[in-house]
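Quick notes on the structure that follows.
The values are calculated or read from the model by the stated rules, or taken from the named source; none is laboratory data. Here the structure is a predicted model, which is why all the values come from computation and not from measurement. Virtual Cβ from ideal backbone geometry, glycine too; neighbours counted across all protein chains shown. The accessibility values were calculated without ligands, DNA or RNA, using every heavy atom of the protein model including side chains. Shrake-Rupley method; radii C 1.70, N 1.55, O 1.52, S 1.80 Å.
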Amino acid sequence: MELTTVKATTIKIRTHKKQQDRIMIKLFIFLALVILLLLIAAFAAQLVPYDPYAQDLTIALKPPSQAHPLGTDRYGRDMLSRVMMGGQTTIYSALLLVGVITTFGTLVGLFCGYKGGKIDSFIMRVSDIFLAFPGMVFAIAVAGVLGGGIINAVVALACISWPKFARLARGQVLAIKNMPYISAAKLSGSRATKIVFKHILPNITGPILVTATLDIGTMMMELAGLSFLGLGAMPPIAEWGSMMSDGRSMLQTAPWVILAPGCAIFITVMLFNLLGDTVRDVLDPKTKKRPNRRRK
Amino acid sequence: MKSVLEVRHLKKAYQHGKETVQAVDDVSFQIHTGECLGLVGESGCGKSTIAKMVTRLESPDAGEIFLNDREITRVSGKALRTVYQQMQMVFQMPVDSFNPRIKLGEGIRESLINQGMGRREAKTKAWEYLEICGLDKTFADRYPHQVSGGECQRASIARAIAIKPCLVICDEATSALDVTVQAQIIKMLKRLKKELGMSYLFICHDLALVQEICDRVMVMQNGTIVEQGIPDDIIMRPREAYTKKLIDSIF
């Protein structure tokens, strides 16, 4: 009787450990794939087989072949080269965007959560206003006012996306602001900035990091969406959204022109989302139980 | 006798929806140099609120607080940070009172460094105080979740006394610990009081502990002090009905 209980517990612990290992392996695989993707995008200029901007109308709209694995577009530009080059624009703009909104939103949230009072209510009402608009419509409006260009698209999306991080960070700050260790830090004579950045920020990075990773995919889609509508990257710059927009009239005659960047977006967004999910599994205390947390 | 802490007509109310709860209502008391003043009462009677107001983690609605004859009721910023060089607090939940991402040693060093002490000097000082509190050097490199509650509370006391305050406020410092550890901590607090000449405000709900460590005790009920005197007197000859009830509930 007792022995079976012991056995059951052992098996439980073992499966738990196995799950842990599996999550870590998953994390490393996705991280490696994402890094590979980032490297390809970063060194696209050196890696491309053809000049992504060189036009050659004699080979326009050729289907995939040995010489051009993803075919050519209507100006005879090699699709593979353009997809690689476009990755640079799309992925790094999305990363820049997420970096900006995460930093800015977190700083605002830290400030509001710690300070409290009227200024907190004011900033939170402002963020409510931003959240009240349908995101994409608001981004189109902002991008329309600012004009085309990938940087303007990033600015437009940053304008609508920061409140999410501000709210998240603020909520987290409020949750730990009244913990005894924050009082202890005050009693040790630390300044407010030191308390915020040394005691509060390291304790709230987990959820923020998870949200940021999960947001990379979404932001990439929205950036590509703006470019597709002609409000993001301007031709001839290779960007997945605008490339899809270019090819949409030829969907029936030359589907590879739209499929290549489309698949690139699909794969990249999925990869970043999977990475985000795995990061959450690793970092989120709700889904992860650390065994032997407290020594008895 | 010189008073370390003097509190006059302290008041604090909390809003609970539409209701106003008078947590502390017109409380006055003094703590003399080298004295241990006990504060007992059931939970919710306002003991912890007093501790929070004295340490200025919360502002009182009315009344004055004097620390070494200096008024600290409204000080803030830099002046408040100098107040914390003379007054420290030991918290109820030892593990929660240390940042989970910072090692115990660094938590202890923080106040020393904030006072302008060099990093290396602060490090040896932290070791020294850990040893005074019965922990060896290795604890400085551990995280709060890697030590037991009793060890953590010792570290917390080391942190409180490291900057040699003249007043230490113990807010239920032993109630989260089991009985044997409790006895060790009390013994240590008594020893430190004698060696370093500190005063304590000892907030507690256990009259037996109060009898053990305190020179004087105040009984609190619904935000007011109903009775005060020497612990033995209070326990043997309680005057108020409430104090009697409190004693009966323990023995």
Under the Karplus relation 6.51 cos²θ - 1.76 cosθ + 1.60, θ = phi - 60°, what is the ordered set of whole-Hz ³J(HN,Hα) values for region B:70-82, x standing for Gly and Pro?
-> 10, 6, 10, 4, 10, 5, 8, x, 5, 4, 5, 5, 6
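Would you mind giving the mean number of other chain beta-carbons within 10 Å of the Cβ of each residue in A:189-197, as a whole number? Before the final figure, lay out the partial values.
Working: counts 14, 6, 4, 1, 0, 2, 1, 0, 0.
Mean number of neighbouring Cβ atoms from other chains: 3.
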Plugging the Cβ-Cβ distance of A:Phe43 and A:Arg74 into 1/(1 + (r/R0)^6) at R0 = 30 Å yields, to the nearest 0.05, a FRET efficiency of 0.65
Could you let me know the centre-to-centre spacing of region A:185-263 and region B:188-233, using Cα atoms, in angstrom?
-> 59
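So which helices of chain A fit the span-like rule, where a helix is a whole DSSP H run, its Cα atoms reach 20 Å or more along the axis, and its mean Kyte-Doolittle is at least 0.0? Don't jump to the answer; show the numbers that get you there.
Working: long enough: A:2-42 (59 Å, 0.87); A:79-115 (52 Å, 1.14); A:117-132 (22 Å, 0.84); A:150-177 (39 Å, 1.09); A:201-228 (39 Å, 1.08); A:256-283 (40 Å, 1.54).
Helix filter hits for chain A: A:2-42, A:79-115, A:117-132, A:150-177, A:201-228, A:256-283.
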A:Ile129 to A:Ile176: FRET efficiency via 1/(1 + (r/R0)^6), r the Cβ-Cβ distance, R0 30 Å, to the nearest 0.05?
-> 0.65
Does chain A come out rounded, prolate or oblate, given a ≥ b ≥ c as the square roots of the eigenvalues of its C-alpha gyration tensor, rounded meaning a/c under 1.5 and, failing that, prolate meaning a/b above b/c?
-> oblate
Positive-end residue of A:Thr10, A:Gly86, A:Thr72, charge dipole of chain A with Cβ unit charges | A:Thr10
Which residue fluctuates the most in chain A, going by a Gaussian network model with Cα springs under 10 Å, if the choices are A:Asn273, A:Asn178, A:Asn152?
-> A:Asn178
Label B:Asp248 and A:Arg248 with points 7 Å out from Cα along Cα→Cβ: what is the distance between them in nm?
-> 8.3
So how long is each side of the protein assembly as shown along the principal axes, counting just the alpha-carbon atoms, biggest first, in Å?
-> 108, 62, 49
Non-local residues with an amide H under 5 Å from the amide H of B:Leu39, with H modelled 1.01 Å from N and Pro and chain starts lacking one, are B:Phe202, B:Ile203, B:Cys204, B:Met218
With +1 at each Lys and Arg Cβ and -1 at each Asp and Glu Cβ, the charge dipole magnitude of region A:160-247 around its Cα centre, to the nearest 20 debye, comes out at 920
Classify region B:95-164: rounded, prolate or oblate, from the alpha-carbon gyration tensor (a ≥ b ≥ c, eigenvalue square roots; a/c under 1.5 rounded; otherwise prolate if a/b is larger than b/c)?
-> prolate
Given Cβ charges of +1 for Lys and Arg and -1 for Asp and Glu, the option among B:His145, B:Leu112, B:Val95 whose Cα lies farthest towards the positive end of the dipole of region B:95-164 is B:Leu112
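Could you work out the mean projected area of the convex hull around the alpha carbons of region A:161-296, in square nanometres to one decimal?
Details: hull surface 49.0 nm².
So the Cα hull casts an average projection of 12.2 nm².
Per-residue Cβ counts within 10 Å, from other chains only, averaged over B:93-103: what number is that?
Details: counts 3, 1, 3, 6, 8, 4, 13, 5, 7, 6, 0.
The mean count of partner-chain Cβ atoms within 10 Å per residue comes to 5.
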What residues from region B:63-88 fall in the zone where the backbone N is under 14 Å from a label point 7 Å along the Cα-to-C-beta line of B:Arg8?
-> B:63-74
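Using a simple charge model, +1 on the beta-carbon of Lys and Arg, -1 on the beta-carbon of Asp and Glu, nothing else, what dipole does chain B show about its Cα centre, in debye to the nearest 20? Mind showing how you got there, number by number?
Values: 34 positive and 32 negative charges, 184 e Å.
The dipole of chain B has a size of about 880 debye.
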Between the alpha carbon centres of region B:86-150 and region B:19-66 the gap in Å comes to 27
Could you give the accessible area per residue of region B:109-186, probe 1.4 Å, as a whole number in Å²?
-> 41
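Treating only the Cβ of Lys, Arg, Asp and Glu as charged (+1, +1, -1, -1), what charge dipole size does the protein assembly as shown show about its Cα centre? Round to the nearest 20 debye. Could you put the intermediate results ahead of the total?
On the way: 66 positive and 47 negative charges, 183 e Å.
With only Lys, Arg, Asp and Glu charged at Cβ, the dipole is about 880 debye.
How big is the B-A contact in terms of buried accessible area, both chains counted, 1.4 Å probe, rounded to the nearest 100 Å²?
2200
What percent antiparallel are the DSSP beta bridges of the protein assembly as shown, to the nearest 5?
Details: 23 of 40 bridges.
In the protein assembly as shown, DSSP labels about 60 percent of beta bridges as antiparallel.
Output the peptides B:231-239, A:130-138 sorted from most to least packed, where packing is the average of other Cβ atoms within 10 Å over each peptide's residues. Numbers along the way, then the final one.
Details: B:231-239: 15.7, A:130-138: 13.1.
The packing order, highest mean first, is B:231-239, A:130-138.
Write down the percent of antiparallel bridges among all DSSP beta bridges whose residues are both part of chain B, to the nearest 5.
In chain B, approximately 55 percent of DSSP beta bridges are antiparallel ones.
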Would you mind computing Rg(Cα) / (2.2 N^0.38 Å) for chain B, counting N as its residues?
-> 1.01
For the residue pair A:Leu33 and B:Ala208, what label-to-label distance in nm results when each label sits 7 Å from Cα along the Cα-to-beta-carbon direction?
-> 6.2
Of the listed pairs B:Lys103/B:Lys125; A:Lys177/B:Lys123; A:Lys186/B:Lys18; A:Lys194/B:Lys47; B:Lys123/B:Lys164, which have alpha-carbon separations greater than 22 Å here?
-> A:Lys177/B:Lys123; A:Lys186/B:Lys18; A:Lys194/B:Lys47
Can you give the alpha-carbon Rg of region A:82-196 over 2.2 N^0.38 Å, where N counts its residues?
-> 1.33
Evaluate E = 1/(1 + (r/R0)^6) for B:Glu128 and A:Lys115, where r is the Cβ-Cβ distance and R0 equals 35 Å; express this FRET efficiency to the nearest 0.05.
-> 0.40
If packing is taken as the mean number of other Cβ atoms within 10 Å per residue, what is the order of A:87-97, A:40-50, highest first?
-> A:87-97, A:40-50
Here the whole-number average of other chain Cβ atoms within 10 Å per Cβ of A:173-185 is 5
Ordering of B:176-188, B:80-92, B:2-14, A:13-25 by packing [mean C-beta count within 10 Å, highest first] | B:80-92, B:2-14, B:176-188, A:13-25
Per-residue HN-Hα couplings for region B:12-26, Karplus 6.51 cos²θ - 1.76 cosθ + 1.60 at θ = phi - 60°, whole Hz, x for Gly and Pro?
-> 8, 10, 10, 8, 10, x, 8, 7, 10, 9, 7, 6, 10, 10, 6
Quick shape check on region A:145-225: root eigenvalues a ≥ b ≥ c of the Cα gyration tensor, a/c under 1.5 is rounded, otherwise prolate if a/b tops b/c, else oblate, and it reads prolate
Enumerate the amide H contacts of B:His32 below 5 Å, restricted to partners 5 or more residues apart or on another chain; note that Pro and chain-start residues carry no placed amide H.
-> B:Val4
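Could you please state how large a percent of the accessible area of region A:21-169 is carbon and sulfur, counting protein chains only and using a 1.4 Å probe?
Working: 5570 of 7580 Å².
Reported share for carbon and sulfur atoms: 74 percent.
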Between B:Arg74 and B:Asp232, the two model label points (7 Å from Cα along the beta-carbon direction) sit apart by a distance in nm of 4.5
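Only helices at least 15 Å long along their axis, Cα-based, and averaging -0.5 or more on Kyte-Doolittle count here, so list those DSSP H runs from chain B.
Values: long enough: B:104-114 (16 Å, 0.00); B:119-132 (20 Å, -1.31); B:149-161 (18 Å, -0.05); B:179-196 (25 Å, 0.07).
Helix filter hits for chain B: B:104-114, B:149-161, B:179-196.
Could you tell me what % of all Cα pairs in region B:1-146 have separations over 28 Å?
Values: 3578 of 10585 pairs.
Roughly 34 percent, once rounded to a whole number.
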Quick one: which residues, 5 or more positions from B:Thr224 or on another chain, have an amide H under 5 Å from its amide H? H modelled 1.01 Å from N in the peptide plane, none for Pro or chain starts.
-> B:Asp25
